[in-house]
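The values are calculated or read from the model by the stated rules, or taken from the named source; none is laboratory data. The model shown is predicted, which means the values in this text are computed figures rather than measured ones. All Cβ positions, glycine included, derive from the backbone under ideal geometry; neighbour counts span all protein chains shown. What goes into the accessible areas is simple: the full protein's heavy atoms, side chains included, and nothing from ligands, DNA or RNA. Shrake-Rupley method; radii C 1.70, N 1.55, O 1.52, S 1.80 Å.
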Amino acid sequence: MSAKKRSTSGKLRDFEPAEVSNQPSILVAFDWFDHRIYKGIARFAVQANWHLSPYLFSDRNVPFNWPGDGAITCYGPTLAPFIDSLTMPKVDVSVAKMPETVPRVLNDNYLIGRLAAEHFLKRGFHHFAFFRWPVVEVNPIRHASYREALIEAGVDEDHLHVIEQPGARTLRDWAAHEKAILDQLEKLPRPLAVFTGQDNLGATLIEVCVRNGIHVPEEISVLGVDNIEFLCDCLAVPMSSVDSRLEELGYQAARQLQRRMDGEIDDDEPPMLISPGRVVNRRSTDVLAVPHAGVAKALRLMRAAFGTPMTLDDVCEHVGMSKRGLEKAFRTHLQRSPAAELRRIRIDHAKRMLTQTDIKIEAIARDCGYCNSSNLSLAFKRDTNLSPRAYRQKFRDQEPVG
């Protein structure tokens, strides 16, 4: 006998229960959050007609014996018992040790460390450090490859340093935490290139430097990993970061799970590694390592005030050097004149604005320190052989230059 349901007219009519969906039901069980990973998973889920479980988005108390078809997991202490209890196909995105073997999709942390080394070597640094936090599993891997690449490039081991993340007790006291980091920094040579292995450590390092009058990037240059934009862009000195392509990681993890459910791969499938993208260059590494105090001071002024109608006389007065002396020092340490360096800083800023914003070219010219768009165009064509408009059209949908 069928159930009855009252219609909008008030009469009872037959009601048939809805059919149970045959969509694969997939759980995402992560102990941390980055929207880009979930965006990649969701993109594949739409293509594969998956139903994604909502448990992740309510709280961490997911129910045991969950009746699903597969799970994408990030293994860690909080969720380990639950993940271990799942008897369905799984794909994991962590490097943590698990009691069972499952397919994994991972960032290529070896290449991330080498990319960081290459980024700093191109900027002429001679002293390097790694901000180490060994409790984070990927941190030692990135440190080892960073160090290996620097040694292969001929960097003396005496020029490789380590900054230790203070212990758990110190983490609860900001003043003690700051002092523990500052005490280490004051013992290290400068200019110093610091790869932090992850964005939150880089953010902490920049805050400590700024609060204690250490110039970033001229004295200490800082590079993070994962390019968390709201963090990197909002620091006192915006932080450069390696794009670890987390959306692609999420997408490929979902794809591997589908292959596992379809029997195309088994639990012994070798890990899939996601290569990093580019270094997203912001002000924290936008510098060339210069030991000359006058040149370093001039560069700080140029980077802080390039949007003003600055002249070489202004720069010389600021650093207390003659035009001839400053010109000679720039050519010795940078192989170009002060005017050429100021033009490079302005043009690089214009490139970023042209490729990343819709701001009109006249406004970009003023923002870069030019009195009008014609002056910007002359400088821009000299540097790129393109007008600002042509550059925007050519590179708008590609990776920004910088």
**OP:** Find the helices (runs of 4 or more DSSP H) located wholly in the range 301-402 whose residues include 3 or more that are among the hydrophobic types (A, V, I, L, M, F, W, C), and list them.
**Re:** 312-319, 323-333, 338-356, 361-367, 373-384
Original post:
Going by the structure shown, is VAL280 modelled with pLDDT under 95 and in contact with a strand residue (DSSP E or B) (Cβ under 8 Å, 6 or more places away or on another chain)?
Top reply: yes
Subject >> Sole exception among (1) at pLDDT below 95; (2) among the small types (Gly, Ala, Ser); (3) under 17 Å from the mean Cα position of the chain (by Cα) for GLY224, by number >> reply: (1)
Original post:
Only one of (1) at pLDDT 95 or above; (2) within 22 Å of CYS74 (Cα to Cα); (3) touching a strand residue (DSSP E or B) at 6+ places or on another chain (Cβ under 8 Å) is not met by ASN109, so which one is it?
Top reply: (3)
**OP:** Kindly provide the set of residues from the range 355-374 that are closer than 19 Å to GLU229 by Cβ and touching a residue at least 24 places away in the same chain (Cβ under 8 Å), ordered by number.
**Re:** THR355, GLN356
Original post:
Looking at ILE163, is it within 23 Å of the chain's Cα centre (by Cα) and aliphatic (A, V, I, L, M)?
Top reply: yes
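This table checks each residue for (1) farther than 23 Å from VAL242 by Cα; (2) out of contact with any helix residue (DSSP H, G or I) (no Cβ under 7 Å at 6 or more places or on another chain).
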site: ALA129; (1), (2): no, yes
site: LEU150; (1), (2): no, no
site: GLU157; (1), (2): yes, no
site: GLU178; (1), (2): yes, no
site: VAL208; (1), (2): no, no
site: VAL222; (1), (2): no, no
Original post:
Restricting attention to the range 346-372, and to residues there that are over 20 Å from ASP286 (Cα atoms) and of a type in the set (A, V, I, L, M, F, W, C), which single residue is modelled with the lowest pLDDT?
Top reply: CYS371
**OP:** Considering every residue within the range 142-154, establish whether at least one is outside any helix (DSSP H, G or I) and of a type outside the set (Asp, Glu).
**Re:** yes
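One line per residue, one yes/no per condition, for (1) out of contact with any Cys (no Cβ under 7 Å at 6 or more places or on another chain); (2) closer than 22 Å to TRP133 by Cβ; (3) touching a residue at least 12 places away in the same chain (Cβ under 8 Å); (4) open to solvent by 10 Å² or more (accessible area, probe 1.4 Å):
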position: ILE228; (1), (2), (3), (4): yes, yes, yes, yes
position: ASP233; (1), (2), (3), (4): yes, no, yes, yes
position: ALA236; (1), (2), (3), (4): yes, yes, yes, yes
position: GLU248; (1), (2), (3), (4): yes, no, yes, yes
position: GLN252; (1), (2), (3), (4): yes, no, yes, yes
position: ARG255; (1), (2), (3), (4): yes, no, yes, yes
position: ARG260; (1), (2), (3), (4): yes, no, yes, yes
position: GLY263; (1), (2), (3), (4): yes, no, no, yes
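Residue-by-condition table, conditions (1) in contact with a helix residue (DSSP H, G or I) (Cβ under 7 Å, 6 or more places away or on another chain); (2) surrounded by 15 or more Cβ atoms within 10 Å (Cβ to Cβ); (3) part of a helix (DSSP H, G or I); (4) at pLDDT 85 or above:
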{"site": "ARG13", "(1), (2), (3), (4)": "no, no, no, no"}
{"site": "PHE33", "(1), (2), (3), (4)": "no, no, no, no"}
{"site": "PHE64", "(1), (2), (3), (4)": "yes, no, no, no"}
{"site": "ILE72", "(1), (2), (3), (4)": "yes, yes, no, yes"}
{"site": "ILE83", "(1), (2), (3), (4)": "no, yes, yes, yes"}
{"site": "THR87", "(1), (2), (3), (4)": "no, no, no, yes"}
{"site": "VAL91", "(1), (2), (3), (4)": "yes, yes, no, yes"}
Subject >> Yes/no for GLN47 being in a loop (DSSP other than H, G, I, E, B) and modelled with pLDDT of 70 or more >> reply: no
Subject >> Count of residues meeting criterion [modelled with pLDDT of 85 or more and either more than 18 Å from the chain's Cα centre (by Cα) or acidic (Asp, Glu) (or both)] in the range 283-292 >> reply: 1
Subject >> Tabulated pairs, the range 86-112, first within 20 Å of ASP243 (Cβ to Cβ) and of a type outside the set (Ser, Thr, Tyr), second open to solvent by less than 10 Å² (accessible area, probe 1.4 Å) and assigned to a loop (DSSP other than H, G, I, E, B), C-beta under 7 angstrom, 6+ apart or interchain >> reply: ASN107/SER244; ILE112/SER244
**OP:** Working only within the range 172-198, note down all residues that are open to solvent by 20 Å² or more (accessible area, probe 1.4 Å) and within 27 Å of ASN107 (Cα to Cα).
**Re:** GLN198
